[in-house]
1. Just to be sure I understand, how many residues within region 280-303 are of a type in the set (Phe, Trp, Tyr) and surrounded by fewer than 10 Cβ atoms within 10 Å (Cβ to Cβ)?
2. Out of the residues in region 142-177 meeting the condition of being in a loop (DSSP other than H, G, I, E, B) and within 16 Å of the chain's Cα centre (by Cα), tell me which one is surrounded by the most Cβ atoms within 10 Å (Cβ to Cβ).
3. For region 232-247, state whether one or more residues are free of Cβ contacts under 8 Å to residues at least 24 places away in the same chain and surrounded by fewer than 22 Cβ atoms within 10 Å (Cβ to Cβ).
4. What's the number of the only condition in (1) surrounded by fewer than 23 Cβ atoms within 10 Å (Cβ to Cβ); (2) in contact with a Pro (Cβ under 7 Å, 6 or more places away or on another chain) that residue 218 fails to meet?
5. Quick check: is even one residue across region 206-216 touching a residue at least 60 places away in the same chain (Cβ under 8 Å), assigned to a strand (DSSP E or B) and not acidic (Asp, Glu)?
6. Among the numbered criteria (1) among the acidic types (Asp, Glu); (2) modelled with pLDDT of 90 or more; (3) within 23 Å of the chain's Cα centre (by Cα), which one does residue 271 miss?
7. So how many residues does region 271-297 have that are in a loop (DSSP other than H, G, I, E, B), small (Gly, Ala, Ser) and farther than 30 Å from residue 250 by Cβ?
8. Of the residues in region 115-172, how many are farther than 23 Å from residue 72 by Cβ and among the aromatic types (Phe, Trp, Tyr)?
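The values are calculated or read from the model by the stated rules, or taken from the named source; none is laboratory data. A quick note: this is a predicted structure, and the numbers were derived from the prediction, not measured. Quick reminder, even Gly has a Cβ in these numbers, built from the backbone with ideal geometry, and neighbours come from all protein chains shown.
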Amino acid sequence: MGRLTILRDLAGRHTAYDVYDLWAQSRDGSVLFGWQTAAGGNHTFHLDRNGHLHPVAVPWSCDDAAARWSAADRDGMELRAEHALGIGGDPSSFGVCVTHAGKCADFSEEGVSLLFPTVCFDDAGIPHVALIRTEDVENADGVIDQHNSIVAARLEDSQWRLEEVADLAYGLMPKNGVWGYPGRRRQPFLVPDDRGGVWLLWERKEPHDGSTTICAGALLGRRFVNGAWQDPVRLIEGYMDFAPDEAGVIDGRLIVAAQRAVPVTATGRGEVMLLATEVDGAPALAEETGWEGWRSVNLVSRRYFEPQTREAEIGGESCHLLFGDPHTHSGLSEDAEGDLVEMLAYARDRAKIDFFAITDNDYIYGGRLSDESWRENMRRAQEWSENGRFIAVPAYEWTQAKWGPVTPQHRSILFESYDQPMLRWWDAGIGQADDPFDALLSWIETTDGIMNTQHAH
């Protein structure tokens, strides 16, 4: 018998593309698991100890595991961690604030960002924290990227002891860029093991440079037990968007909710699966090379090229030139990474550009930009705009799900004000004789927006 068991295949019970924030919790031999949908609905199922699946009439959902904070509770003792810009005194980097037993501890490192903390108590009641460490790096070709790793911390003798325990250099770019991934590359998990210690879990894309729509994922893990970290192992392969059971490893078995990997269905994200894997005997993660040659770089203090003049005459008019990026994606797009504030801080303080637009897709690979997320985009853009220093432009990418070599498909819509609606592609002429793109053009005329063609589609 193999290490991996499929507890339940949810094929036919949902739309594969419309799955957000998977979660799973086991208790007394049964499992509750579920997800959210684009419309804000929740789907919850109960797998009882006899293997029977029951829809839960009153849906329940966990907090978004990708949020900026994480919390755990044991015997009335709360453990909470949250990332924020400026913790530790560096206004251009993120730090993490950890609260335990009413005492606060700040984790920070000058010039480095600490993000996406996760927390848990081990079986002995010792608190543990894991977080992403993000450092700016540059290679010999002048390519600038960010090197991510995972830092773990545990409370011993009233002192937090931190150490780097997982290298995520697998995500670094070569000179030619790599594609996106709809899984969770920068979201660590910490879960207890009832035999002692904790497991650090993280997901990665395989192959590293595979297409966004033709790739799989792997769930990797590393156990801390008896005061030491064991070697990292490969727990599950061929799935993506992993959500491990918050109860952790029980009797050597870990329950995980996930989606089928793309190659299995050949349509993008696959069906939700409830899996169980035996953690003992998992194959070791092979030592990897090819990521050498990157060095740390301080982008905040770096001086960039300045144009000799910022004035130009265009059409007989004198214009002031600004330099910026009108097309980027955050983690709100299915194929990208990044917190909104993280990206805005990078654009202003590290890239040092004059203007910046986060143009998340209204629809891509099954992911939909919600009205709530769009309002957050506009709010953050307004919050970060500062006359004479930096302009954050409220924007999104209109993305028609109609692939072809000619059909206009991808267009950035950039607005002047911070209270504009969002017209998604399925709202533009759907069910009418007119082409959705023509409807988009007509709609833009009713707003203060403009359209930008950012790539060939």
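1. 0
2. It comes out as 168.
3. no
4. Unmet condition: (2).
5. no
6. (2)
7. 2
8. Residues in region 115-172 being farther than 23 Å from residue 72 by Cβ and among the aromatic types (Phe, Trp, Tyr): 1 in total.
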